Structure formats: structure tokens, C-alpha cells
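Heads up: the structure comes next, in C-alpha cells.
The values are calculated or read from the model by the stated rules, or taken from the named source; none is laboratory data. These numbers come from a predicted model, not from an experiment. When we count neighbours, we look across all protein chains shown, and the Cβ atoms used for this are built from the backbone with ideal geometry, even at glycine. With ligands, DNA and RNA removed, areas are computed over all heavy atoms of the protein, side chains included. Shrake-Rupley method; radii C 1.70, N 1.55, O 1.52, S 1.80 Å.
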Amino acid sequence: MNNLRNDYYKIVVGLGSCGIAAGANKVYDTFKGIIEKSDVPVTLDETGCMGMCYKEVLVEVINPDGKSVIYGEVTPEKANKIFESHIVEGRPVVEWIVKADDMETSEDSFFSKQMRIVLRRCGVINPESIDEAIAMDAYKAIEKAVKTMTPEQVIEEVLNSGLRGRGGAGFPTGMKWKFARSSEGSTKYIVCNADEGDPGAFMDRSVLEGDPHSVIEGMMIAGYAIGAEEGYIYVRAEYPLAIKRLKIAIKDAEERGFLGKNIFGTDFSFKIKIKEGAGAFVCGEETALLASIEGKRGMPRIRPPFPAVKGLWEKPTNINNVETYANVPYIILHGAAEYAKYGTEKSRGTKVFALAGKIAKGGLVEVPMGIPLREIIYDIGGGTSSGKKFKAVQMGGPSGGCIPAELIDTIIDYDSVNQTGAIMGSGGMIVMDEDNCMIDIARFFLTFTQKESCGKCTFCRIGTKRMLEILERITKGEGKEGDIELLEELSMNIKKNSLCGLGQTAPNPVLTTIKYFRHEYEAHIRDKKCPAKQCKALIEYKILEDKCTGCTACSRVCPVKAISGEVKKVHKIDSSICTRCGACKATCRFGAIIVE
Amino acid sequence: MANKCCCNGRSRYFDKFDEILSKYEGKEADLIPILQNIQDAYGYLPQDILDELCNRTGLHPSQVMGVATFYSQFRLKPTGENLIKLCFGTACHVNGAEKVAEALADELKIEIGGTTEDGRFTLETVACLGCCSLAPVMMIGDETYGRLTPDKARKIIRGFYKNWGE
Ligand SMILES: Cc1cc2nc3c(=O)[nH]c(=O)nc-3n(C[C@H](O)[C@H](O)[C@H](O)COP(=O)(O)O)c2cc1C
Ligand code: SF4
Ligand code: SF4
Ligand code: SF4
Ligand code: FES
Ligand code: FES
């Protein structure tokens, strides 16, 4: 991946959040210990998300000739072996390699359909080293912009690239900048939305952790374009590593004179401050976010006036998402036409997705717009993790909807995804298999939005609560005829009468599951059955007499002592005590326990 | 909780607060960062500190409490020694986080959000810990535990008590 030449071996450990969770720090320390004791000269470095989160801990070894090999699922023990064999003896440990310049691996399909623009440096450079970022073109685009382009030309370039906002709604970025530029006022602000509220999405965090300079540079270019000298990055407080790396990046950029006064000897000045969020989903909505920066409760307000006219402290403000800004330097440096080569007519460029859920190869992927969903799920993601039938994918989180298996040939661009009832969203893609109950998923999202509603609008506050109650009733087997229609009616009213996007989109997960999985709703309501065998009130655990060997394993794990039976004799579950925890089924090695 | 130092009254307990406040002008825009710093220093937002904050900055109590209760990050009660953050993000949900939550709640004899009687654990749920490929996931302190099953989660808790010899 990294093409920088070295005189000797270089070991790079992936230290993104997920790598660290999988134990990457221990692997890093192991290498550090070995290198200190060894005579072989080796450099040790770190990087952000390489994308293959499913193979964490990831370690890249770059040979002296610049060729690279990536090892997956590295442990401290494996680290020792890799050092001995690959670096000391020059024999790579082939069976642990997941990607290599000179060799095909079973994981190649994960990358072959990807196109990395936003993630161009993510997982390649050390995110805490501004030199490594500069060696890969960081700050060249802002230099080009301030030295050779007028603000109008910058806006024109962004307009021509076709870039649309990556925070969810897909508004054309160049247009937004044009509005902010034409707004009256000498003080203007740039804001970066790094609130990433979709639970189960991690695109923005990975970009901030892996390549903070791309976001800083994108904000600077926006500042130059609209005439702002100050920027704020609003980051979720739950992202401590992203915040730490942003702080380092800002400090380094200031020291090098990229941020500050008279940048590149011109009269353009720019500074950036970080604001930490405090855990409220609604603060991802732009007007709520601005209120939060001002120190208030994060409540959305009516638009217009739009932030471009009246934003932060009533001044014209341009607000974009992390990924939107990260695209901008590439567009300015390589030109709109180069960027617009990728994608479809109305959705140019690439999109980053966080592929997760029941997917075999979950991780961070960047694909050209227009790619069929099928290729993301199967060619890149390797199908379901369980090997069971793929059922649906949820796009756009709590504001989005599900796309069912029969629409797997849907093209991924804004308009095609909207047509299904889901939305492009910010890039969360949660895969579900046949074991997932779609009513349960709808209930899950409604629980979330209902809790996160700021309470300003009655329909959003009370309506989502009513919907949640109905969904809970259905999953408990207490659904009534007419519930589906009632859900649809409430949905329409909430959509119509809510002030902000949270309320306007909260019914989407319910509406799309009704649209594509109506039969599942009906099975719950009429037959009191959960086809996915998830809803506790509608299932029973049973032991198959002909398969049970009487090994007693299940009765020992049952937390409520619902299983009785003697050694070597058939066991039995008392359904009136059983809490449907599933522990017994997971324990039985003979497949004797079933759910009905 | 033993909040106040008995020997020389106010000073020690409020030292950390004084230091935090000295870094800010105490304007409305500083309120959230100040509260975040207080929570970092004290583990939660103690009422007497919040009262002092209002006195010293002139911010109205309704404003301070309004913000403190609006954002889910802020805690008005202290937590147990070990904070369990169980992920309730979508990826963890579809991989069975709810069953893990039930097992933890049962093992610890508390509800979600509660603290054990012995003060050892508080169980909280959070949205996406960012390691969805390890779902379902929880963090206890700084340590992450992935690919959980209800049984595995129980064993982790028992492991803690065993370590403490309890
Ligand atoms: C409830 C709600 C939550 C949102 N959360 C986010 C978020 O986490 N990140 C984000 O970039 N945009 C979020 N948005 C969209 C923003 O309001 C805004 O449209 C976006 O930041 C604009 O940037 P873009 O044009 O670059 O997409 C959210 C909107 C709503 C209504
Ligand atoms: S729609 Fe919901 S979240 Fe948005 S302003 Fe109204 S009550 Fe608040
Ligand atoms: S674990 Fe399976 S085989 Fe063993 S007693 Fe239970 S049901 Fe029978
Ligand atoms: S599902 Fe859980 S409670 Fe029910 S019998 Fe099995 S182990 Fe016991
Ligand atoms: S965070 Fe490690 S590869 Fe994605
Ligand atoms: S959803 Fe649990 S870690 Fe992402």
C-alpha cells in the first residue's frame, strides 16, 4: 500500500479504534520489544483504518524494495513469528497474509472493486505525522487554490465535480458554498459535522482517525471559497482517538504555517477549533449542532433562515460533513473532470460505507457510485457471516430504510436508493440474514429515535412513542388487526408535522419493513408467529428426543434452571420457566435444541 | 459518597473545579466544555459543584440543568468502580446484543443504567463503539470485549469477581 521507499524493513500496525479493540496496542508493543532487542534495523510505525476491520489486528510489512505485505488477525505470538520468519529470514508467513503486492490472496476481491479517493491516505500514512501526509499531497490543493484560483473558481470547480453532501441529504456542495459566499457579512464560519450519529456507522471516525489532514484541508478550501477565516469541527465525544489525532493535526498544521495568518504568503487566514459533542443524536441536525456549539440545548429550529444566511452566532455559516470535506482537496488538485469520471450522472465520485452486521467481511469500503448493491454485499463483503440466507440491508440508519434481498441489483446512487424507500444516508450499511426479525429491527430504530427526539414537536415526541408501543405489542404477540394501517397513518402524520429531519425520517424503517416484509407483520399479528424466530413471546425452545444424548451441558448453562433430566437420559425444557435466552441452544453440541 | 474533605473544609474538594473554571471565561459557549471537564474530574456532575458553577459564572441554574439533562453524556449520579459500556448500536443489535444485556443484567442483579449493590459495576448501553466487526461488543474500563455471547459475558463478570477474591 505504502510506496515510500525505505532502506530497510518497515512494520506498520493498524491503530484505528477497531484495531485497538482487537488488541493492536499489544501487537505494537510486542514488535517494539523485539526491535529493541534485535540487531536487525527496522522502523516501526502506526496507521489508521486499512479497511479490513474483519481481519484485525492488521500489520503491514514493507520490504526494502517498497513492496508490501499485510498480515491479518495478528496476535503477539504471531508477531514474534512474523518478525523471525519474514524480517530476519526473509520468508514471509504466507498463510497469514491477507494482501500483498506480489501475490494473490483470497481477500483480493475485498479491494478490487473499491476506489479510494476519500480514503486515499487512510491506512497508508501515520495519521500523527504531517510529513507523511505532505509526502502524499496534503495541503497542495489549498496552495493551488489560494495561489492560482479565485474563490469563485474554486466554487465553480466543486460545482462541476458534481459533489453532493455526504452527511445524508445529498445537497450539491458547490451550490451550498455559493449561497454562503453570496450572503452579506464580513464574519463567516465553516463548520464540519463530525457528529456521526447513526449507531453502527464509522466512516467519519475512520477518516478523522486515519487522515485528519484531508478534513482540515477541505475546510480551509471551503473557508477560502466562501470568505471565512474560522472553522469549527463538531466531533462526537465518544470519539476520543479521533479528537486526539485532530488536535495533533491542527497543531502540526499551525506550526508549519498551513493554518494561521497569511497562508502561503497570501492574505488568506484560517484557524480551526474543535468542539466536542455530548451525546445527543439530534445534534447531527445542522441547526441543533450550531445551537450546541453556542452552548445551548441542541434543539433544531425552523429553516429558513438557512445556516448559509444565519448560522453560528447569527453569521453566515457553511456546514458540511467530514467525508464531503475530505473529497474537496482531491477535486481541487486533480480537477472536477477527473473526479466526475467516477459515479453516475447525478451522483458523482465515490462513497464510503461502513459495512457491518451479519457480513462476512465487515469494514470500511469506498466504492464508485453506481456500483450494484450485489457487488458490495457479495464481491466485497463475501456474503453473510453466518452463511445463512441474506435477507436485507439497512441503509441510512434510523433515518433510512431496508433494501430487501430481491432488490439486490439496485444501483448505489442517491436516486436509485431513494426509490427503494431507503436513503443513501451517511454510509451505514447493516446486513441482516434470515435470522433477523424485521419488526424487531423497526422496533430497534424506533426505540432509538423516540429516545433521541428533542421533544419540540408533538408528533415527533408522542407519535414515535405510540408507534413504538404498537411495535412492542406486535413483537409480544399482542398485535391487533389494523395495527399495520395505524402504523402507516401515524407515519404519515409524523413525517408531515415534524420540524426537523429526525421526525420527518423516523418512520422510514417502519414504512420500508412494512413495504417489503408485510407478511412478517401479518404472521406476528394473525398467526402469533415470528418467522425469524426472534421474538421471545412467540417462540419456544424444545429438545429433540432422538438427538439428545443426555450430556447435561444445557442444564448446567441454563441460568433459570428450566432444564431437567438425568445423565445420559433425554432432557426436557420447562417452557413456563424458560426465559428464551438461547444459552442452551448455543451449548448443545448435538443440535438437539430447536426453536419453534 | 464521601464528598467533602473533613479537615480543611471546602478547598480540596473544590480545587479541581477551580482549576477547570480558570481555563474558561464562563460564557454560555463554554458551558458544555466546562461540564465535560467537571465530569472527567469528578466522574459525574455533583450538585454542589453545579451550584458553585452558577454562583461563579452567573449562568442560571435552569440553563445549567437544562444542558446537563439534555445531553446523554452527562451523569448526575456517580457510577460504580467499573463502568460497563455495552454497545447497542445496529451491528451489535443484529448480532444479539439484547441477549447479552439480559445476561449481564441477570448476572449483576441490576437493570440497565443501574449500579450493583457492592458498587463494583455500573451497566450502561452506548451507540456504536466503533468495532462493529467484533459485534456484539462491550467495554469495561478501557478494555474491549468482542464477539460476546450471553455465556461469555457472564464469565467475564465472574472473572472479575474471582480476581478480587469475591
Ligand atoms: C437527526 C439528524 C441527524 C443528522 N446527523 C448527521 C450526522 O451525524 N452527520 C452529518 O454529517 N450530518 C448529519 N445530518 C445532516 C445535517 O443536518 C446536514 O445536512 C449535513 O451536515 C450537511 O452536510 P453535507 O451537505 O456535507 O451532507 C443529520 C440530520 C438530521 C436531521
Ligand atoms: S422533529 Fe423531533 S427532533 Fe426534530 S425538532 Fe421536532 S421534536 Fe425535535
Ligand atoms: S446439551 Fe443437547 S444433548 Fe446435551 S442434554 Fe442438553 S439437549 Fe441433550
Ligand atoms: S433458552 Fe435459556 S432459559 Fe430457556 S431453557 Fe435454554 S438456557 Fe434455559
Ligand atoms: S479500523 Fe482497523 S481496519 Fe478498520
Ligand atoms: S454497533 Fe456495536 S460496535 Fe458498532
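Being more than 19 Å from the chain's Cα centre (by Cα), of a type in the set (Ser, Thr, Tyr), within 30 Å of A:THR344 (Cβ to Cβ) and away from ligand 5 (no atom under 16 Å from the Cβ) narrows it down to one residue among A:SER269, A:SER182, A:SER214; which is it?
A:SER182
On the basis of being near ligand 3 (Cβ under 10 Å from one of its atoms) and not acidic (Asp, Glu), does A:ARG518 make the cut?
On the way: near ligand 3 (Cβ under 10 Å from one of its atoms): no; not acidic (Asp, Glu): yes.
When the stated conditions are applied, A:ARG518 does not pass them.
So if I check each of A:GLY227, A:GLY260, A:GLY231, A:GLY265, which one is away from every other protein chain (no Cβ under 14 Å) and open to solvent by 60 Å² or more (accessible area, probe 1.4 Å)?
On the way: A:GLY227 fails: open to solvent by 60 Å² or more (accessible area, probe 1.4 Å); A:GLY260 fails: open to solvent by 60 Å² or more (accessible area, probe 1.4 Å); A:GLY231 fails: open to solvent by 60 Å² or more (accessible area, probe 1.4 Å).
When all the criteria are applied, what remains is A:GLY265.
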Residue check, B:LYS85 more than 16 Å from ligand 2 (Cβ to nearest atom), out of contact with any His (no Cβ under 7 Å at 6 or more places or on another chain) and more than 19 Å from A:ALA22 (Cβ to Cβ): no
Is it fair to say A:PHE459 is open to solvent by 50 Å² or more (accessible area, probe 1.4 Å), modelled with pLDDT of 95 or more and hydrophobic (A, V, I, L, M, F, W, C)? yes
Turns out the strands (runs of 3 or more DSSP E) fully within the range A:315-415 with at least 1 residues that are under 30 Å from A:THR187 (Cα atoms), more than 14 Å from chain B (Cβ to nearest Cβ) and away from ligand 5 (no atom under 16 Å from the Cβ) are A:317-321
What single numbered condition from (1) outside any helix (DSSP H, G or I); (2) touching a Pro at 6+ places or on another chain (Cβ under 6 Å) fails to hold for B:LYS99? (1)
So in the range A:540-563, with the set limited to residues that are open to solvent by 70 Å² or more (accessible area, probe 1.4 Å) and over 25 Å from B:VAL100 (Cβ atoms), which one is nearest to the other protein chains (Cβ to nearest Cβ)? A:LYS547
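For the range A:486-510, give me the residue count where each residue is over 16 Å from A:GLU520 (Cβ atoms) and without any contact (Cβ under 8 Å) to a residue 40 or more places away in the chain.
The number of residues fulfilling the criteria is 10.
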The range A:564-582, subset within 14 Å of another protein chain (Cβ to nearest Cβ) and not hydrophobic (A, V, I, L, M, F, W, C), residue farthest from B:ASN95 (Cα to Cα): A:THR579
If we scan the range A:280-295, do we find a residue that is within 23 Å of the chain's Cα centre (by Cα) and within 16 Å of ligand 6 (Cβ to nearest atom)? yes
Yes or no: the range A:520-533 includes at least one residue that is within 16 Å of ligand 4 (Cβ to nearest atom) and under 30 Å from A:PHE444 (Cα atoms). yes
Going through the range B:108-123 in order, the residues found to be open to solvent by less than 30 Å² (accessible area, probe 1.4 Å) and within 16 Å of ligand 6 (Cβ to nearest atom) are B:LEU123
Under 6 Å between Cβ atoms, at least 6 apart or on separate chains: pull out the pairs that start in the range B:102-131 with a residue that is modelled with pLDDT of 95 or more and end on any residue that is within 16 Å of ligand 2 (Cβ to nearest atom). none
Can you tell me how many residues in the range A:360-398 are open to solvent by 30 Å² or more (accessible area, probe 1.4 Å) and out of contact with any strand residue (DSSP E or B) (no Cβ under 7 Å at 6 or more places or on another chain)? 7
Quick check on this structure: which one of A:ILE248, A:ILE274 is modelled with pLDDT of 95 or more, in contact with an Asp or Glu (Cβ under 7 Å, 6 or more places away or on another chain), open to solvent by 10 Å² or more (accessible area, probe 1.4 Å) and of a type in the set (Val, Ile, Thr)? A:ILE248
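A quick yes/no check of all residues on (1) more than 12 Å from every other protein chain (Cβ to nearest Cβ); (2) open to solvent by 20 Å² or more (accessible area, probe 1.4 Å):
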| site | (1), (2) |
| --- | --- |
| B:LYS85 | no, yes |
| B:LYS99 | no, yes |
| B:ASP106 | no, yes |
| B:THR125 | no, yes |
| B:PRO136 | no, no |
| B:GLU143 | no, yes |
| B:THR149 | no, yes |
| B:LYS152 | no, yes |
| B:ILE157 | yes, no |
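Looking only at the range B:65-83, filter to residues that are part of a loop (DSSP other than H, G, I, E, B) and at the interface with chain A (Cβ under 7 Å from one of its Cβ atoms); which one of those is least open to solvent (accessible area, probe 1.4 Å)? Break it down stepwise before answering.
Taking the range B:65-83 first, the residues part of a loop (DSSP other than H, G, I, E, B) are B:71-81.
Right, trim to at the interface with chain A (Cβ under 7 Å from one of its Cβ atoms) and you get B:71-74.
Values: B:TYR71: 2, B:SER72: 85, B:GLN73: 55, B:PHE74: 18 Å².
Here the answer is B:TYR71.
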Please determine, by comparing only the residues of the range A:564-586 that are open to solvent by less than 40 Å² (accessible area, probe 1.4 Å) and outside any loop (DSSP other than H, G, I, E, B), which one is farthest from ligand 6 (Cβ to nearest atom). A:ILE573
